[in-house]
Structure formats: structure tokens, C-alpha cells
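Data first, discussion second: the structure below is written as C-alpha cells.
Bear in mind that the values in this text are calculations on the coordinates, not laboratory data. For clarity, every value in this text was computed on a predicted model and none was experimentally measured. In this analysis, Cβ positions are derived from the backbone assuming ideal geometry, glycine residues included, and neighbour counts consider all displayed protein chains.
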Amino acid sequence: MKYLLSLAVGILVGAVMAFAFLLLNPLAEPRALSPLEVGDQPQMMLNYSLVPADAIVHTNNGETRGDPTPGKVQQLWEPAIRNTAVTVAAMSGATGETRAIGIKFASLSESTRLLRNEAMIDSVWHIYMPERGTFVVGQRENRFDYLRTVVLPAMWSSGKRWRGLWRGNVSAGPGSLGTGRFAGGSGEFAGLDADVIESHTVRAWSAESGPVAKEGMLLVELPETVEAAADVL
Amino acid sequence: MFKTFIAGILLGIAGVAAALHTFPAVDQHRETSIISVKPNGGNSEKFHVSVPMDRIMLGASATERSVPAGMDWPQDPAFADLNVELFKLRDARDTVVGVASRIAARDAAAGSAIEWVLHLPARGSVYVTVEPESLEGGVRRGSLRHGTREFGALSGSMTERWISAADTGEGQGRIELETAFLGAAEPDE
């Protein structure tokens, strides 16, 4: 009997050790440097809030964190789309003035592999910039470091909140350097293909309502044939 | 007993690793695709949205019928000729299989644009740019500009057709989308 008890306690300790290693694995540190930050090509930057209440429209299945905005928006409860969130956001340049409207579709990805520290999201941005044109950004995002640094500590804390500063590049492909793909549709972007990095900054997160202070940034490395407008740099 | 305890630890670690490897953390719901094969080896698939039932959002400065109620659409003059719609996307069986966005813009500097992004969570996304001028029968023709995952290596076209429900009132009906995609040719051995 004592051997059986010893085995059971050992299994429990082993399971806890395995989860602890997953969460504390130093080899899974996020990349500190974006591959686009060392480039010398023109870049375009768009900023936006990732707090659902700040969005023009935000909807999900109604059960995940981040209440749909506005309250009367249709929810994505059907089986095929219940792991998807859609956000429509006003996007600004460096001056803070609205420069674009972006629609983001984000779905949980079946390529998620927690053993490899990958909590993946398949996402697509569809963006319109007045006087410039339209484009999409298709990418895979890895939210593992965000989950283990922000979300889990918030859920485990007594106040059910996390405060601090977390910054990270969430783009994880399909580009070989972990960049997302930009595909231009109209205007000056028509026919252009480029690399994109999306990064997030979190300052506060609540286990009840989700992001409280969270911003995002899309950084597009444009070909030299396109000049980045000064106010979105 | 200590050896049993150590064995238990190893078993626990191996068990967690095996469980994480075996059971998927995410399992997207899939509907069986209804695809017809075309003579050129490509494939065709039909989708539709019912309006207004499937409309999640209608954002435009020029209309007072914005959807959903309470939405704070930007009133900046730069977005005056922009029309953004979000829909739930249905397959030929009338089952919701994804979500879609449609952007229609008239812009003096950038020109006119009509575009769709169809996002099918279990399969991938397609980005289609549509010719603003409609053909006979109210059909607009567009081309696949970019695809992700299952649509990543494809090229092809899509048509958009508005079918008004004459008996139910203005602005009601359905938008039919028919894709015709072709994979890249395989090299000869």
C-alpha cells in the first residue's frame, strides 16, 4: 500500500514538475529584437488599442474574456466560429490621429503545441487607409509568453489582476524570420508583398474582463518603391 | 519506497508530456466542404450571406442605419466614402462556416476598391479584390490576391452577386460568392 501511495505522490510531483518546467522554461524566452528593427527599408507603423471596450466593434462567442462591444453586436456562437474573435479598430500613426480602420479575425490554431511553448493564433488583418489603399496581413501568432507572463499570474493572484509591463512580438510566421505576410490590394499598396511584425504591450490585465490596458502595433517593412507617409512612421 | 517515488515522478513527467503530445489543445469544428471539381483541375465552392440576418456590422458615415446599434463609427471626413461590413459566412448547406469582411471604398487618391476577406477558422483565409464595375446580372468578378494555410498556394477568381429578396423589402436578400481556385502546377518528374 505504501508503495502505491509513494507512486501516486511521485506521479503528482512529476506532473507538477512538468507543468512548472513548461511555464518557467528559460529556453522559451521571447525574442527581444524584431527582425524588422534591424532593416533599413522604409517602415509603416500603425497603433491600436487591444482593449475590447475601445474597439469600434468587438465580438466573440460571448463566453471568453472581453465582452462584445457594443452590447447588441451579434455573437459568434456557431460551432465553426466559436473559437474566433473579430475586432474592428481605429488605427493611428505616430501623431495619434486616426489613419486607418482595421478588421482583425483571430482564431485559436490547431497548430498549438504547448510542449514546444506554442499557443498559436491564426489571424488576418483587413485594413483600409484613406488616400493610400487597402491591404491584408496574414500571420500566425504565438501567445505563449503572454499567457505565462500575464494571463496565468493574473488568474492565480488573489486580486485576479496583473499589473506590470509586458512587451512582445506575437508574429510567428509564416515568414522564415517569424514575420507575417502583407499583401496589398489597392491604391499604392496594389500588388505589393512585404513582411510585418505585430507587437503587443500590456500594462494591466483582469481575470474577469481580460485586457485592461493593452496596445498593439503593426510594423510593415515596405519596399523602397513605396514611401512611408511621415505621420504614420 | 524512494525508488518507487522517483519512478512515479518520471511517470508523471512522461504522462504530462504524452498527454500534451497526444491530445490537441485546440480542435476546430469542421463542416464537410462542398466542392465541385472543374475541368481544368481547379475547384469551385459556393458561399453566401443572408442580409440582414448574417450582418454583424455595417459601418459607413453616409448611412444612419449603422449595425450594430450603439456603434461609434469614426466621423472623420477621410472615411466618408468607406463602407465596411462584417458577415457570418454560410456554405451551400446554409451552415455558418466562417466570418467575412467586405470593404467598399471610393477614394480620389487611391481609387475605388471592393474587397472581401473570407476567414474560415478550420481552413484558412482568402483575400479577394473585386472589380468595382458589375457585369451582366449584377455579377462582380474578382481575383484571389492572397491566401493563408489551405488557400496559401492557390490562385483563381471569385464572383459576387447580390440577390434581392423582392418580397421582403429593400436591403434584404443574399450575397452569393462563388470561388474558383486552382493549385500550383506540379513539376514533371
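Observations on the model:
- Along its three principal directions, the equivalent ellipsoid of chain B from the Cα gyration tensor extends over semi-axes of 42, 24, 17 Å, largest first.
- Three-way shape call for the stretch A:1-106 based on the alpha-carbon gyration tensor, with the a/c threshold at 1.5: oblate
- Compactness index (Cα Rg / 2.2 N^0.38 Å), the protein assembly as shown: 1.07
- By other beta-carbon atoms within 10 Å, ranking A:77, B:73, B:116 with the fewest at the front produces A:77, B:73, B:116.
- When the square roots of the Cα gyration tensor eigenvalues are ordered a ≥ b ≥ c, the ratio a/c for the stretch B:63-169 is under 1.5, which makes its shape rounded.
- Selection from A:180, A:162, A:146, by position along the positive dipole direction of the stretch A:136-207 (Cβ): A:162
- The magnitude of the dipole of chain A, with charges of +1 and -1 set on the Cβ of Lys/Arg and Asp/Glu and taken from the Cα centre, is near 1260 debye.
- Selection among A:87, A:22, A:73 by position relative to the dipole of the protein assembly as shown gives A:22 as farthest towards the positive end (Cβ unit charges, Cα centre).
- At most 10 other Cβ within 10 Å, DSSP loop - GluC sites (Glu not before Pro), the stretch B:49-138: B:64, B:133
- Compactness ratio for the stretch B:131-176: Cα radius of gyration over 2.2 N^0.38 Å (N = residue count) comes to 1.50.
- Angle of helix A:2-24 to the longest C-alpha principal axis of chain A, folded into 0 to 90 degrees and rounded to 10: 20°.
- Going from the fewest other Cβ atoms within 10 Å to the most, the residues A:51, B:126 appear in the order A:51, B:126.
- Here the protein assembly as shown is treated with +1 on each Lys and Arg Cβ and -1 on each Asp and Glu Cβ, and its dipole about the Cα centre works out to around 1960 debye.
- Counting Cα-Cα pairs of chain A in 10 Å increments starting at 0 gives whole-percent bin shares of 7, 28, 34, 19, 7, 3, 1, 0.
- Computed over the stretch B:1-113, the alpha-carbon pair-distance distribution with 5 angstrom bins reads 2, 9, 12, 11, 10, 10, 9, 8, 7, 5, 5, 5, 4, 2, 1, 0, 0, each value a whole percent.
- Across the options A:105, A:55, A:209, the greatest Cα extent toward the positive end of the charge dipole of the protein assembly as shown (unit charges at beta carbon of Lys, Arg, Asp, Glu) belongs to A:209.
- Folded to 0 to 90 degrees: helix B:2-22 orientation relative to chain B principal axis, Cα: 20 degrees
- Three-way shape call for the stretch A:122-213 based on the alpha-carbon gyration tensor, with the a/c threshold at 1.5: prolate
- Between residue A:45 and residue B:106, the modelled labels are 3.6 nm apart [label points 7 Å from Cα along Cα→Cβ].
- Considering all C-alpha pairs of the stretch A:170-218, those separated by over 18 Å amount to 51%.
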